[in-house]
1. Sorted by average packing, counted as other Cβ atoms within 10 angstrom per residue and highest first, what order do 97-104, 51-58 take?
2. Roughly what angle does helix 69-81 make with the longest principal axis of the chain, taking Cα atoms, 0 to 90 degrees, to the nearest 10?
3. In what sequence, highest mean first, do 8-19, 181-192 appear when ranked by Cβ atoms within 10 angstrom?
4. Can you pull a Stokes-Einstein diffusion coefficient for segment 137-182 at 10 °C (1.306 mPa s), Rh from Kirkwood over Cα pairs, as a whole number of µm²/s?
5. Give me the 1.4 Å probe accessible area per residue for segment 49-205, excluding ligands and nucleic acids, in Å².
6. What do you get for the angle between helix 10-21 and the principal long axis of the chain? Use alpha-carbon atoms, 0 to 90 degrees, nearest ten.
7. When the accessible area of the chain is split by element with a 1.4 Å probe, what percent falls to carbon and sulfur?
Amino acid sequence: MKILIIGGGGHARVVADILLAMDGMEPQGYVTSDQAPGTAGPLGLPVLGGDDAVGSIPHDGLVVAVGDNATRERLFAHFAAQGENMVNAIHPSAILAPDVVLGRGCMVCPGAIVNTGSEIGDNVILNTGSVTEHDCRVGSHAHVAPGAKVAGAARIGAGALVGLGAAVLPGVAMGDRAVAGAGAVVLGDVPPGLTVVGVPARPKT
Ligand SMILES: CC(=O)SCCNC(=O)CCNC(=O)[C@H](O)C(C)(C)COP(=O)(O)OP(=O)(O)OC[C@H]1O[C@@H](n2cnc3c(N)ncnc32)[C@H](O)[C@@H]1OP(=O)(O)O
């Protein structure tokens, strides 16, 4: 499948690396206006042009490769509304239990683990070495950052961020667009939009 990578930053480079490691995926290059079309991009893939170029480049699907949740959500909605095939980029070293339900346009990075009974929405990032335990629900456009751990039956709301190395305890619910800062240990539910930090996690002042 010929795949376009929407974005041109570090996150896009990681998506490119994942697609290159997958069987049957042929990443075509980066869709970004930050560099001139035709420029050689990272990992030997070209810069194809800005978002307007997508319609004129032959492809079978695309991945929105932007780390910021709100921007990724906006771009996902834009391209999904145009009928694009939003494909999942799943590194071969990631481990997903056979019954995991994965949405569209997700990125599952090297070493990420998703255990049995979990349901992952659309456009979610499960970053390097993250653990999403059994029976979790991860809402669309959320991000479980590198090394973060989400314990059994926890709920991660749409557009929420579980920061680098953070831990969310069993059954805890993080609301939509809530943020657990890097290293936080989240013991109780977090209201939508609230940022918590520290051990134990408390609202950021
Ligand atoms: C491949 C990749 O790289 S994926 C990267 C994924 N990204 C992440 O995991 C980043 C997670 N983000 C964080 O942890 C951020 O620090 C946030 C979102 C919690 C806060 O960011 P900001 O709102 O910019 O906060 P800011 O840096 O201004 O700090 C505000 C206060 O919170 C404290 N603080 C910030 N982050 C943390 C944290 N993770 N743990 C404890 N305290 C923190 C600061 O020390 C500061 O305290 P002070 O006012 O007493 O000096």
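The values are calculated or read from the model by the stated rules, or taken from the named source; none is laboratory data. Please read all numbers here as calculations on a predicted model, not as lab measurements. So basically every Cβ, Gly included, is an ideal-geometry build from the backbone, and we count neighbours across all protein chains shown. Protein only, heavy atoms only, side chains kept; ligands, DNA and RNA dropped before computing areas. Shrake-Rupley method; radii C 1.70, N 1.55, O 1.52, S 1.80 Å.
1. On the way: 97-104: 14.0, 51-58: 11.8.
Output ranking for 97-104, 51-58: 97-104, 51-58.
2. 50
3. Values: 8-19: 20.9, 181-192: 17.5.
Those peptides, ordered most packed to least, come out 8-19, 181-192.
4. Numbers: Rh = 9.8 Å.
Calculated translational D: 162 µm²/s.
5. Values: 6360 Å² over 157 residues.
For segment 49-205, the solvent-accessible area averages 41 Å² per residue.
6. 70
7. On the way: 4810 of 8520 Å².
Answer for the chain: carbon and sulfur cover 56 percent of the accessible area.
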